[in-house]
Amino acid sequence: MAQQQVAGFIGLGAMGGALARRLAGAGVMLHVYDPDPARVEAMTALGAIGHGSVGEVADSAATVYACLPSAEASLEVARAASAGKALRLYVETSTIGRGALQAIARELEAGGVQVVDAPVSGGPRGADAGTLSIIASGCAEALAELRPQLGLLGKNVFEVGAEPGMAQMMKLVNNLISAANMASAYEALVLGAKAGLDPDQMVEIINVSTGRNSATVDKIPKSVLTGSFDYGASIRTIHKDVSLGLKEAEALQVPMWVGQNVRQVWEFALTQGGADLDFTALIRYMEAWTGVEVRSRRGGAQA
């Protein structure tokens, strides 16, 4: 089997699991590991080969993907993979910040392993549908080798240079905007609902007007108006990404007046025990302050 049809995957949570399913569904033979045996079992049911450690995956596949919840976890896993007998190309799909990615690249490249920085945007739903945006940076040879598999994972693949961490920077720029869009949209819709406006009609009007953004077009119709709050990423994850973006801004001496306030909104939800709630559930804290809910009055699922 050609090497491009074989890959390893480490981290099978909501996002990593969706990415792995996408690769497996496209015919890539996957060697997988996750500390949760149930996640590994779910992938083996799809034809993947389960392993008991990170090292076993890196001994079995020349290309290994990682999708992990924190910079600390990513660094630990990369170090464990670095001695893999088969490993030649390591693909970090997590959002961990430029410094952590550069540390991984220094460590692995010293041992002859090429590193591609490839964070993704679009959430688990986008991964399942193959509509993700993937931002990649790495040496030309590594990007060329990886391009066919990235094309399986996402609809839009952007290459932003050879420097490790530049894809992380682009992802953080995007997520700072996305987090601000959500916070401002939730807040404004609660205001409108408190005044007596119909939530469905508000969203319809916004989406053909200047307030339109990814939250009003996608997240709010699917997971707020319906009351499902199941879009796929956690409040903890959004807070982490905003914090990473602000850390980069501080290092580059770029003032972030809006970004600082946005982080406070997401941080409030964390202090109230909402870390593991879906990020669309942030609106529930705003609703609680005002005694209204932004829900569909029409019945049935939203488009």
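The values are calculated or read from the model by the stated rules, or taken from the named source; none is laboratory data. What you see is a predicted model, and the numbers here were worked out from it, not measured in a lab. With ideal geometry, Cβ positions are generated from the backbone for all residues, glycine too; neighbour counts draw on all protein chains shown. Note: accessible area is taken over every heavy atom of the protein model, side chains too, but ligands, DNA and RNA are not part of it. Shrake-Rupley method; radii C 1.70, N 1.55, O 1.52, S 1.80 Å.
Overview of values
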{"quantity": "Rounded if a/c under 1.5, otherwise prolate or oblate - the range 119-186, Cα gyration tensor axes", "calculated": "oblate"}
{"quantity": "Shape category assigned to the range 199-250 from the gyration tensor of Cα positions, a/c cut at 1.5", "calculated": "oblate"}
{"quantity": "Segments 167-173, 214-220, 289-295, 153-159 sorted - mean Cβ within 10 Å per residue, highest first", "calculated": "167-173, 214-220, 153-159, 289-295"}
{"quantity": "Bridge type composition, the chain - antiparallel percent by DSSP, nearest 5", "calculated": "15"}
{"quantity": "Prolate/oblate/rounded call for the range 46-122, Cα gyration tensor, a/c under 1.5 rounded", "calculated": "oblate"}
{"quantity": "Unit charges at the beta carbon, dipole of the chain: most positive-side option, Met256, Leu189, Gly13", "calculated": "Leu189"}
{"quantity": "Dipole of the chain, positive end: most advanced residue of Ala71, Ala136, Ile283 [Cβ charges, Cα centre]", "calculated": "Ile283"}
{"quantity": "For the range 88-150: span of alpha carbons on each principal axis (Å, largest first)", "calculated": "36, 24, 14"}
{"quantity": "Vicinal HN-Hα couplings computed from phi for the range 79-90 (Karplus, 6.51 cos²θ - 1.76 cosθ + 1.60; Hz; Gly/Pro x)", "calculated": "5, 5, 7, 4, 8, x, 5, 9, 4, 10, 9, 10"}
{"quantity": "Square roots of 5 times each gyration tensor eigenvalue, C-alpha, the range 170-303, largest first, Å", "calculated": "26, 16, 13"}
{"quantity": "At R0 = 51 Å, FRET efficiency that the Cβ-Cβ distance of Ala188 and Ala83 yields, to 0.05", "calculated": "0.50"}
{"quantity": "Full-extension gain in nm, Gln260 to Asp198, via 0.36 nm per residue minus C-alpha separation", "calculated": "19.2 nm"}
{"quantity": "The chain, relative contact order in percent, only Cα pairs under 8 angstrom and at least six apart counted", "calculated": "14"}
{"quantity": "Contour minus Cα-Cα distance for Lys247 and Gln272 (0.36 nm per residue)", "calculated": "6.7 nm"}
{"quantity": "Theoretical gain in end-to-end length, Cys139 to Glu109 [0.36 nm per residue, Cα-Cα removed]", "calculated": "9.7 nm"}
{"quantity": "Percentage relative contact order, the range 116-194, counting C-alpha pairs under 8 Å, at least six apart", "calculated": "30"}
{"quantity": "Surface share of carbon and sulfur [accessible, 1.4 angstrom probe, percent] for the chain", "calculated": "55"}
{"quantity": "Magnitude of the charge dipole, the range 133-279, Cβ model with Lys/Arg +1 and Asp/Glu -1, debye to 20", "calculated": "100"}
